[in-house]
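Below: one structure, written as structure tokens.
The values are calculated or read from the model by the stated rules, or taken from the named source; none is laboratory data. Just so you know, these numbers come straight off a predicted model, no measurement behind them. Ideal geometry is used to build each Cβ from the backbone, glycine not excepted, and the neighbour counts take in all protein chains shown. In case anyone asks, the SASA skips ligands and DNA or RNA and just uses the protein heavy atoms, side chains included. Shrake-Rupley method; radii C 1.70, N 1.55, O 1.52, S 1.80 Å.
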Amino acid sequence: MTGFLLVLAVSVITCAGQLCQKQAAQVSADGMARVLRWLGLAVLLLGIAMLLWLRVLQLMPLSLAYPMLSLNFVLITLCARWFFHEYVDGRHWCGVALIMSGIALMSVSL
């Protein structure tokens, strides 16, 4: 169970890092200090996620842990819609639903 929670933490922290990168990309060129702050935060978050990922790999088989990182696609889609008001079409939502179904199937013990 600890491994699954760590994968979730890695996904959330990675998502936050990606959002910081997007924010840095949207800052105008005259706000270089703001760009650097957002990029610095992104690097910090992605570094933390990488360290947690190493712990995940100690606890779980790679063949199970790595596909679960596809949760990032779901989180990024939701955050892009929520924070940046990006348009997400029905086909994309179907893909998100399939990813979530796949994650659910992988987490069930047989």
For region 1-26, pairs from a residue that is in a helix (DSSP H, G or I) to a residue that is among the hydroxyl-bearing types (Ser, Thr, Tyr), with Cβ under 7 Å and 6 or more apart or across chains, are PHE4/SER107
Per the filter on region 72-110, residues under 26 Å from GLN21 (Cβ atoms) and of a type in the set (Ser, Thr, Tyr) are THR77, TYR87
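So, of the residues in region 55-70 that are of a type outside the set (A, V, I, L, M, F, W, C) and at pLDDT below 90, which turns out to be nearest to THR14 (Cα to Cα)?
Ranking the candidates gives SER70 first.
Okay, residues lined up against (1) of a type in the set (A, V, I, L, M); (2) at pLDDT 95 or above:
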residue: THR2; (1), (2): no, no
residue: LEU5; (1), (2): yes, no
residue: ILE13; (1), (2): yes, yes
residue: ALA16; (1), (2): yes, yes
residue: VAL27; (1), (2): yes, no
residue: ALA33; (1), (2): yes, no
residue: TRP38; (1), (2): no, no
residue: LEU41; (1), (2): yes, yes
The lone condition PRO61 fails out of (1) open to solvent by 60 Å² or more (accessible area, probe 1.4 Å); (2) within 24 Å of ALA16 (Cβ to Cβ) is (2)
Only unsatisfied item for TRP38, checking (1) open to solvent by less than 70 Å² (accessible area, probe 1.4 Å); (2) over 27 Å from LEU105 (Cβ atoms); (3) among the aromatic types (Phe, Trp, Tyr), is (1)
Cβ pairs under 9 Å, 6+ apart or interchain, first in region 59-79 and free of Cβ contacts under 8 Å to residues at least 24 places away in the same chain, second β-branched (Val, Ile, Thr) and assigned to a helix (DSSP H, G or I), ordered by first then second residue, are THR77/VAL96; LEU78/VAL96
Flagged in region 4-35 as open to solvent by less than 30 Å² (accessible area, probe 1.4 Å), over 16 Å from ILE76 (Cβ atoms) and not hydrophobic (A, V, I, L, M, F, W, C), in numbering order, are GLY31
Going through region 71-110 in order, the residues found to be closer than 21 Å to LEU8 by Cβ and among the charged types (D, E, K, R) are ARG81
